[in-house]
Amino acid sequence: MRRRFLIISMMAFMSLYAGIGCSSAQEKPENKPEEKNDVEQTDIPKVYMFKAIDSENLVKIYEALGREAIGKVAVKLSTGEPGGHNFLQPALIKDLIQKVDGTIVECNTAYGGGRANTESHRKAAEDHGFTAIAPVDIMDAEGEIVLPLTGGKHLKHDIVGSHYLNYDFTIILSHFKGHAMGGFGGAIKNMSIGIASSNGKRYIHSAGASTTSWGSPEQDDFLESMAEAAKAVADHCGDKILYISVANNLSVDCDCDSSPEDPKMGDIGILASLDPVALDRACTDLVRASEDHGKIHLIERIDSRHGMHTLDHAETIGLGIQKYELIKLD
């Protein structure tokens, strides 16, 4: 009898405990799981977008980021290879650069052409109208310096123009388009190869093997090296950097090409973020989502070069993430 009494008592207690548990669960707000998700959502980078591409919206999208460019500001863009015509036009970017009292910064190329030395590079910048809107600094005119890199698979460090240390804040102002080697050129390409000195460019292209030769690395090794050089720049800057990309003149070729193929699809817009990986991913996603049939050419260029692998490696080494919240401003 006593054993039966104990069993009945235990069953009653368990029933009561279960009832309390259910009651407690019912009293919890229904959105409790969503609250956890909301916390996680705050960590997802915001990518802002204007469809209309003009100088006013370029300033507005900079302001939307909420990060003020202060001190001596470097604005990294491509001055464009002589003969090319798809680079960001001075009339479009003038208001933004002058608003932040910025200096246009570049480094010499590593492939010959019309910007391989400081004198010819300055002439190209002048001929393309950039010296008329802001000072132009060829950052490796007087040498180069090394930026440390943590977590690199191929690169031990990044090699950039020595003048880069003169700047307090960096705006990566990119023309998003295709690229013959990387598949596409956006924020990561602009801040890695773009800020690298001539020797640094060769160091990236050779996947860390040489500063005097491009070498012949595996494609993914080259792409990963671009991401690693970009991380060195981002780590150097901390929160003194932001990223704006203009997706127009969407040729399959880069502005480093003296005779780029004409664009086969229409413009997409201006995008900006505090995360370069999210920004590049958003640009490529918008290309793929476009209803413009001409997108097939740019998509083929990106995929044939395995271009998205750059973003995969960038995410792996902590440069940024590929998830994002797209916020349309018009």
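Condition first: over 19 Å from the mean Cα position of the chain (by Cα) and hydroxyl-bearing (Ser, Thr, Tyr). Now tell me which residues in segment 128-173 satisfy that.
Scanning segment 128-173 gives 131, 162, 167.
For residues that are polar (S, T, N, Q), assigned to a helix (DSSP H, G or I) and closer than 22 Å to residue 157 by Cβ, tally how many sit in segment 174-223.
Final tally of qualifying residues: 4.
Taking into account only those residues within segment 163-173 that are assigned to a helix (DSSP H, G or I) and open to solvent by 10 Å² or more (accessible area, probe 1.4 Å), which is nearest to residue 99 (Cα to Cα)?
In this case the residue turns out to be 166.
Which of the residues spanning segment 64-107 are open to solvent by 40 Å² or more (accessible area, probe 1.4 Å) and of a type in the set (Lys, Arg)?
Correct list: 67, 72, 94, 99.
Hey, can you tell me all the residues within segment 194-213 that are farther than 21 Å from residue 78 by Cβ and surrounded by fewer than 24 Cβ atoms within 10 Å (Cβ to Cβ)?
206, 208, 209, 210, 211, 212, 213
Return yes when residue 277 is in contact with a Gly (Cβ under 6 Å, 6 or more places away or on another chain) and of a type in the set (A, V, I, L, M) and no when it is not.
Considered against the rule, which asks whether it is in contact with a Gly (Cβ under 6 Å, 6 or more places away or on another chain) and of a type in the set (A, V, I, L, M), residue 277 comes out as yes.
Any residue in segment 175-187 that's under 14 Å from residue 268 (Cα atoms) and in contact (Cβ under 8 Å) with a residue 40 or more places away in the chain: show its pairings with residues that are outside any loop (DSSP other than H, G, I, E, B) and of a type in the set (Lys, Arg) at Cβ separation under 9 Å, as long as the two are six or more apart or on different chains.
Close Cβ pairs satisfying both conditions: 178/301; 186/177.
Scan segment 253-276 for residues that are closer than 21 Å to residue 312 by Cα and among the aliphatic types (A, V, I, L, M) and jot them down.
The answer is 271, 272, 274.
Looking only at segment 141-157, which residues are in contact (Cβ under 8 Å) with a residue 60 or more places away in the chain and either open to solvent by 30 Å² or more (accessible area, probe 1.4 Å) or touching a strand residue (DSSP E or B) at 6+ places or on another chain (Cβ under 8 Å) (or both)?
147, 148, 149, 150, 151, 152, 153, 154, 157
Against the condition of a type outside the set (Asp, Glu), in contact with a helix residue (DSSP H, G or I) (Cβ under 8 Å, 6 or more places away or on another chain), farther than 30 Å from residue 295 by Cβ and free of Cβ contacts under 8 Å to residues at least 24 places away in the same chain, how does residue 216 come out, does it pass?
no
Check segment 45-62 and report whether any residue there is under 20 Å from residue 276 (Cα atoms), outside any helix (DSSP H, G or I) and open to solvent by 60 Å² or more (accessible area, probe 1.4 Å).
Taking every residue of segment 45-62 in turn, at least one turns out to be under 20 Å from residue 276 (Cα atoms), outside any helix (DSSP H, G or I) and open to solvent by 60 Å² or more (accessible area, probe 1.4 Å).
Looking at segment 277-286, can you tell me whether even one residue there is over 15 Å from the mean Cα position of the chain (by Cα) and among the polar types (S, T, N, Q)?
Scanning segment 277-286 turns up no residue that is over 15 Å from the mean Cα position of the chain (by Cα) and among the polar types (S, T, N, Q).
Residue check: is residue 160 open to solvent by 20 Å² or more (accessible area, probe 1.4 Å) and part of a strand (DSSP E or B)?
Spelling it out, it is not the case that residue 160 is open to solvent by 20 Å² or more (accessible area, probe 1.4 Å) and part of a strand (DSSP E or B).
The values are calculated or read from the model by the stated rules, or taken from the named source; none is laboratory data. The shown structure was predicted, so the numbers you read here are calculated from the model rather than taken from an experiment. Every residue, glycine among them, receives a Cβ derived from its backbone with ideal geometry; neighbour counts consider all protein chains shown. Remember, those area values only see protein heavy atoms, side chains included, never the ligands or the DNA or RNA. Shrake-Rupley method; radii C 1.70, N 1.55, O 1.52, S 1.80 Å.
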